[in-house]
Amino acid sequence: MFPDTFDLEAAKAVGGICRHSGPDHDAGNDVIDTFGSLVHASLARAIDRTGQRRFALLETIREYARERLHESGQWDGAHDRHAAHFLALAESARAGLDGAGQVAWLDRLETEHDNLGAAMTWFLDQGQPGPAHRLGAQTWRFWWLRGHAEEFARYARRIIAMSQQMPQDEGGYAHMGLGFMLLASGDRAGARRIFEQGLAVFRRLGDKNGIAVADGALGRLAAQDGEYAKADKLLREGLALQQELGHHASVALAYNYLGQIPFSQADTDTAARLFSQGLAAARQVPDRLPLLVSLYNLALTSQADGDLNGAAKLLREGLSVASDTGDESSIGYYLRRLASLAGTPERAVCLLAASDALLQATGTGWLRAYVAATPSGDDGLSELRPRMGEATFQQAWARGAAMGRRCAVAYALQADDPPTQQ
């Protein structure tokens, strides 16, 4: 049931029950001894990842173990224990993903990515949408920030399909989860339908938090469609509820959504004021997600107002945050914006190529769905190529495309010539 690597705690949780042992027998020690023997016989590998010992079975041993589990009648029990262990891990992760330990927990959950997916799949295959929803609800920041939103959306669709088996409030939040996944993947029409269904549930239940979340999502969609009066009403209702509940991260996002209305109408003064309020709220919480949105949006208004140094400073801070978080798609978007301010055409092309390589590898990611829209084609490539000449352009593009994430971030954070509008 372990699709990839695992640690001893997981092995003990899954395999530490022995049918033939007495009540005082520590079956966990049997698991430790067994894996020690397998490693010694080169039938399993011990792997050190970030200072943590993990194990991986050879594929032949994995298949043999699966056959024995089926034959012994312990297949379901072992998978139940596996899923329960990783649900417990997800529940432990929630506070860390919201708090100062966010990056450490993102790294840990990335190590367990395949196990989390296997647990989610097992719950759903067994017709248990409730535990699957709880696992996803505790860890959604991980799936988003580490580029697994599309995979998470597949689980969310299955949960929604079984939501009649769940309490109404859990079903409502499951709708919200799927709506956000659809929004991140670009399916705005599907997201709107899901959010409207969720809002109806929350209004019926009088769930203020649910109403606020749905208001924010639907207000954002209304603003994107130019329905500014409707958007303003929904967003301000959601903002008031989030302020009442003391949810600073959600307050930050609400201010950012409100700011995108005047930004789309070229009222950069009002937009900057709202984005600044969003950034102030985002700085009150350790959650990187609202901070990434706020820094990006405020940089857009600074750039639009001609404050290129201010825009570059905000973008470099956001790039550092995205890099620390391991959010590769957001790194790509920040590199692209910094390219529009690069001091030389060669630097701009290198940054654009590095951005393109990351986004090609990771997909569109979540950030694009949450920041203010900019004119399509504003990366300046059509102007840069003739300015530089084809040979110089191709050399710069190849250099940027080959950089990789770490080198591209370091290059973008280096001292540059005074920023210019590319």
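The values are calculated or read from the model by the stated rules, or taken from the named source; none is laboratory data. No experiment lies behind these values; they were computed from the predicted model shown. Note: ideal-geometry Cβ built from the backbone for every residue, glycine included; neighbour counts use all protein chains shown.
Criterion applied to Glu346, Glu328, Glu317 was being assigned by TED's automatic domain parsing to the domain that holds Cys407, among the charged types (D, E, K, R) and within 21 Å of Phe152 (Cβ to Cβ), and the one residue passing it is Glu328.
The rows are residues; the columns are (1) crowded, with 19+ Cβ neighbours inside 10 Å; (2) farther than 27 Å from Arg141 by Cβ; (3) not β-branched (Val, Ile, Thr).
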| residue | (1), (2), (3) |
| --- | --- |
| Tyr64 | no, yes, yes |
| Glu67 | no, yes, yes |
| Ala84 | no, no, yes |
| Ala90 | yes, no, yes |
| Arg94 | no, no, yes |
| Ala104 | no, no, yes |
| Asn115 | yes, no, yes |
| Thr121 | no, no, no |
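Being at pLDDT 95 or above and either surrounded by fewer than 20 Cβ atoms within 10 Å (Cβ to Cβ) or within 26 Å of Arg288 (Cβ to Cβ) (or both) is a description that applies to Arg337. The lone criterion from (1) buried (at least 24 other Cβ atoms within 10 Å of the Cβ); (2) closer than 16 Å to Met403 by Cα left unmet by Arg347 is number (1).
To keep it simple, each residue is scored yes or no on (1) outside the structural domain of Thr5 (by TED's automatic domain parsing); (2) in contact with a strand residue (DSSP E or B) (Cβ under 7 Å, 6 or more places away or on another chain); (3) not basic (Lys, Arg).
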{"position": "Ile47", "(1), (2), (3)": "no, yes, yes"}
{"position": "Arg53", "(1), (2), (3)": "no, yes, no"}
{"position": "Arg81", "(1), (2), (3)": "yes, no, no"}
{"position": "Leu89", "(1), (2), (3)": "yes, no, yes"}
{"position": "Gly96", "(1), (2), (3)": "yes, no, yes"}
{"position": "Gly101", "(1), (2), (3)": "yes, no, yes"}
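Here's the yes/no breakdown for (1) over 17 Å from the mean Cα position of the chain (by Cα); (2) part of a helix (DSSP H, G or I); (3) more than 19 Å from Phe180 (Cα to Cα):
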residue	(1), (2), (3)
Asp107	no, yes, yes
Thr121	yes, yes, yes
Gly130	yes, yes, no
Gly136	no, yes, no
Trp144	no, yes, no
Glu151	no, yes, no
Ala156	no, yes, no
Ile159	yes, yes, no
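Residues in segment 179-215 that are outside any helix (DSSP H, G or I) and surrounded by 15 or more Cβ atoms within 10 Å (Cβ to Cβ): Ser185, Asp187, Asp207. Within segment 219-247, can you find the residues that are of a type outside the set (S, T, N, Q) and in contact (Cβ under 8 Å) with a residue 40 or more places away in the chain? Within segment 219-247, Arg220, Ala223 qualify.
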